[in-house]
Amino acid sequence: MSDLRLFDLGNETTLGLIKTDKFKSTLINIYFLRNIDRKEITRLSLLINLLSTGTSSMPTIKDVSKRLDELYGMDMDMNLLKYGEKICTRFRFFSVADKYIGREIFKDAVGFIKELLLNPIVEDDGINPKMIEVERENIREEIRSIINDKAMYARIKCIENMCEGEAYSISSLGYLEDIDEITPSDLLNTYEQLLSTSKIFIAVEGDFEEEQIVETIKSELKFPRETIQKIPREDFKKTVDEVRYIKEVVNTKQGKLVIGYRTNIDYFDEEKYYSLLVANSIFGGGPHSKLFRNVREKESLCYSISSDTEKYKGIMMVGAGIDPDNYEKTLGFIRKEFSNVKEGRFTDDEVKNAKKNIINNLKMVVDSNIGETDFTYNQYISGTYFTVEDVCKKVESVNRETIIKSFENVDEDTVYFLR
Amino acid sequence: MEKSYNDIINEHLYFDRQENGLEVYYVPKHGFEKSYAILGVDFGSNDLEFSLGEGKIINVNEGIAHFLEHKMFEQPDESNAFDKFSEFGASANAFTGFNMTAYLFSTTDNFYKSLDHLISYVQTPHYTEENVEKEKGIIAQEIKMYEDNPDWQVYSNCLKAMYSKNNIRIDVAGSVDSIYKITPDELYSCYNTFYNPLNMKLFIVGDLDEEEIMKTVKGANKAKPLNEKINRYNKAEPMEISKKKIEVRAHVSMPMFFIGYKDFSYKLAVENQLKNEIVSDLLFDIIFSESGDLHFKLYNEGLIFGNFSGGYVSNKDYSHVLLSGAAKDPEKVKFEVDKYIQKLRKTGIKEDVFERTKRGKIGGFLKSFDSVSFLANNFLSYKFRGLNFLDYLEVLRDVELEDINLRLEELFLEKYSVISIVKPMKDEEVGFE
């Protein structure tokens, strides 16, 4: 893995520098971490849209976009990402590496970021009131258009139902019913809270002089800080009494089956957690998996089928696109494979292939600056600070017994079917 | 291997042509953990009618190139090509397009073994009644997955609206009906014609040893070259568009659209293709980017939701511009777009806009090299057209304002434009059981 150096900038603000000359781009990520909150989520969603429409010195989208072009096609994107019951507001900026255009552009890039994050348009005690109506409509459409991707929609609905009453069920896009009531002044409040009470992590990856970067970041990106939010661990244990079944009809051509499970595993319990990753891989983690080889290749029941795990809340999900008439049949086969893993009916080759698949994917993380920075960030919020090599070793060390044990308390919670 | 160095993008390129015709390309990427190999075949979903040398003309079922791609993974010993990749710890995949089919893998370990396997399995066809029947169920689900996807529908209909004869109007995967007609014989017929080394190219990226690469390739590359000429037949496409508008309803929240502008530069000589493409790309950015007046007006008036997407597309026998987005009234958007372009022809594009857009494109192109798969996939598909993707930046730097204004006269012609729309259902009923 490339060289990672962490700098504590005080007030729960950390700078992570990854020095490498492998890429033609320089990546700057700024992550703001908070507890997910039903009352705040739609505001955050609306806020990040609004911030990109203008700043004090670049008052319109056109001005912002022109400046990005001038900076040799600098890209930016802003997202809200869920990490368990924590919400991360991530701002990403891709600049071209100085040496490819023969001039220094890093300082200008940081200048742009400073302007965007620290100099929003504030009028009448609110953020960019002129653009709020347009952005309200955009968020409305973003939320409504979830239905366009049926597989994603089905997954979201499964989680919403499975975790009703838990913070994990909160959607990172926000809620339609909130939109009209949010005022520019509410957004100014959210903006101030975001910058002053979130845990902040700044990641920079590229080919640079370390001292220079630290100085530039320290002097240009000074966030106003107050009492930082305490972010507690999620409740990752859940005993399932009875499996819930939900069916929704929208008349699709292909049915979307989603199954949600509780893993009841604490990621700090390394042996259990890394064994779970391998167990999941054997179950449905790729073309080497039971779900792919049996439910797809052998039974021809689907084209896409896979399983994945969520680290912080202790959740596992299976998703499959099937003919609506094959619902019972497919559910039966998935359950059969699930119990095969639980009861140890898998070969040594399956274990080997699963490990190889995970380790291969992990090692590839360092070949992308996006991959590396997000991996680093994930480790930082987990409080584990492992390198890719560390994680590979832990995956390699699991065995048949630990794999079976990890699935012991994995229980089916909710079956959702969209047709 | 022959070695060349491109100092503008700081990349080396190695090249070798094997005795049996297979071309091998290698771009070293020092310090990268993962290596990537992609084997491309000059055969796609557009190739539905062909003959070999003086032989008779063969017509095949729609979706056959894609079906063949799926079946390639079957091995004579009843195993699946994925099995060996899993054993080596490599991630494998394949895809089919209108003009090319490709088989690829990426791995951080056992690269040479995986490369040997890649070449071997693609050179080993194995189609039986049983394994062909089984695949029909899987591909039928894949087709239905796309049919449920409004992004796919709106795009697909745009091509149908522009083209009345060119096979590009037919979906890559075919239809459930057409694939059920496919037989092992038909698959062998396609394989024996197109899957020969003279018609294939291999592209490799990673931190590797070129001698080791060549040793592995020589060891695995056993196929015999086909010395007869492949004749491909694609019905002549008239200049006129097929249908001005195609509109369907689906479960979407807001109408989605794809506007297409048919173009005819695919007829240009090969040596002019790359520059034409770059000029067209730049022109697209100038007109539709967020830094332009058109997007600004439409966005602020609430006429368009989000950004425009799209670009210029060109290959052997088709070229067009695609412009997509979401809007409450897509036809009004098209009207405004056409009006704007008409006006732009009168005023001409200004130097400062051109320079700024060009700069953005230079940065964008450079950054795209950070994606190994983007580099490899593009390199291959450009090579099959007789172009070198690595020349892009050099040609881009030499483009002048005059080139752009000239191109504006012949591209984005309203006469050759179409619109495909996907609208929400009339009365959406969502029920819970």
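The values are calculated or read from the model by the stated rules, or taken from the named source; none is laboratory data. These numbers come from a predicted model, not from an experiment. Because the Cβ atoms are built from the backbone with ideal geometry, glycine has one as well, and the counts that use them run over all protein chains shown. Side chains are part of the model used for accessible areas, which takes the heavy atoms of the whole protein and leaves out ligands, DNA and RNA. Shrake-Rupley method; radii C 1.70, N 1.55, O 1.52, S 1.80 Å.
Values as computed for the structure displayed
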{"quantity": "Test: residue in region A:10-25 that is closer than 30 Å to A:MET317 by Cβ and touching a Cys at 6+ places or on another chain (Cβ under 9 Å)", "calculated": "no"}
{"quantity": "Subset of region B:146-180 [touching a Phe, Trp or Tyr at 6+ places or on another chain (Cβ under 6 Å) and closer than 16 Å to A:GLN254 by Cα]", "calculated": "B:TYR146, B:TRP152"}
{"quantity": "Residue list for region A:137-157, filter: crowded, with 17+ Cβ neighbours inside 10 Å and farther than 30 Å from A:CYS302 by Cβ", "calculated": "A:ASN138, A:ILE139, A:ARG140"}
{"quantity": "Per-region count, region B:87-115, residues in a strand (DSSP E or B) and either under 26 Å from B:GLY31 (Cβ atoms) or among the aromatic types (Phe, Trp, Tyr) (or both)", "calculated": "10"}
{"quantity": "Index of the failed condition, B:ASP352 passing every other in (1) in contact with a Lys or Arg (Cβ under 9 Å, 6 or more places away or on another chain); (2) surrounded by fewer than 19 Cβ atoms within 10 Å (Cβ to Cβ); (3) modelled with pLDDT of 95 or more", "calculated": "(1)"}
{"quantity": "Among residues of region B:79-106, those that are free of Cβ contacts under 8 Å to residues at least 60 places away in the same chain and open to solvent by 20 Å² or more (accessible area, probe 1.4 Å), counted", "calculated": "10"}
{"quantity": "Whichever residue in region B:344-369 is farther than 17 Å from B:PHE284 by Cα and within 19 Å of the chain's Cα centre (by Cα) and, among such residues, is farthest from the other protein chains (Cβ to nearest Cβ)", "calculated": "B:SER368"}
{"quantity": "Count of residues meeting criterion [open to solvent by 20 Å² or more (accessible area, probe 1.4 Å) and not aliphatic (A, V, I, L, M)] in region B:48-66", "calculated": "8"}
{"quantity": "Yes/no for B:GLY363 being out of contact with any Cys (no Cβ under 7 Å at 6 or more places or on another chain) and outside any helix (DSSP H, G or I)", "calculated": "no"}
{"quantity": "Of all residues in region A:158-183 being open to solvent by 30 Å² or more (accessible area, probe 1.4 Å) and farther than 27 Å from A:PRO232 by Cβ, the one that is nearest to the chain's Cα centre (by Cα)", "calculated": "A:LEU176"}
{"quantity": "Condition check for A:LEU47: surrounded by 22 or more Cβ atoms within 10 Å (Cβ to Cβ) and not basic (Lys, Arg)", "calculated": "yes"}
{"quantity": "Every pair of residues 6+ apart whose Cβ atoms lie under 7 Å, when the first sits in region A:304-329 and is more than 25 Å from A:SER275 (Cα to Cα) and in contact (Cβ under 8 Å) with a residue 12 or more places away in the chain while the second is of a type in the set (A, V, I, L, M) and open to solvent by 20 Å² or more (accessible area, probe 1.4 Å)", "calculated": "A:GLY321/A:ALA151; A:GLY321/B:MET145"}
{"quantity": "Selection count where residues are without any contact (Cβ under 8 Å) to a residue 12 or more places away in the chain and away from chain B (no Cβ under 14 Å), scope region A:269-288", "calculated": "1"}
{"quantity": "B:ASN110 being within 14 Å of another protein chain (Cβ to nearest Cβ) and on the phi > 0 side of the Ramachandran plot", "calculated": "yes"}
{"quantity": "Qualifying residue in region B:68-75 (condition: away from chain A (no Cβ under 14 Å) and more than 30 Å from A:LYS19 (Cα to Cα))", "calculated": "yes"}
{"quantity": "Close pairs from region A:237-253: first closer than 17 Å to A:GLU328 by Cβ and in contact (Cβ under 8 Å) with a residue 24 or more places away in the chain, partner crowded, with 18+ Cβ neighbours inside 10 Å and among the aromatic types (Phe, Trp, Tyr), Cβ under 6 Å, at least 6 apart", "calculated": "A:ILE246/A:TYR416; A:LYS247/A:PHE417"}
{"quantity": "Residue within region B:401-410 that is surrounded by fewer than 16 Cβ atoms within 10 Å (Cβ to Cβ) and either facing chain A (nearest Cβ under 8 Å) or in a loop (DSSP other than H, G, I, E, B) (or both) present", "calculated": "no"}
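Let's see how each residue does on (1) closer than 30 Å to A:GLY126 by Cβ; (2) surrounded by 20 or more Cβ atoms within 10 Å (Cβ to Cβ); (3) away from every other protein chain (no Cβ under 14 Å); (4) in contact with a helix residue (DSSP H, G or I) (Cβ under 8 Å, 6 or more places away or on another chain):
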site: A:ASP8; (1), (2), (3), (4): no, no, yes, no
site: A:ASN11; (1), (2), (3), (4): yes, no, yes, no
site: A:LYS19; (1), (2), (3), (4): no, no, no, yes
site: A:ASN35; (1), (2), (3), (4): yes, no, yes, yes
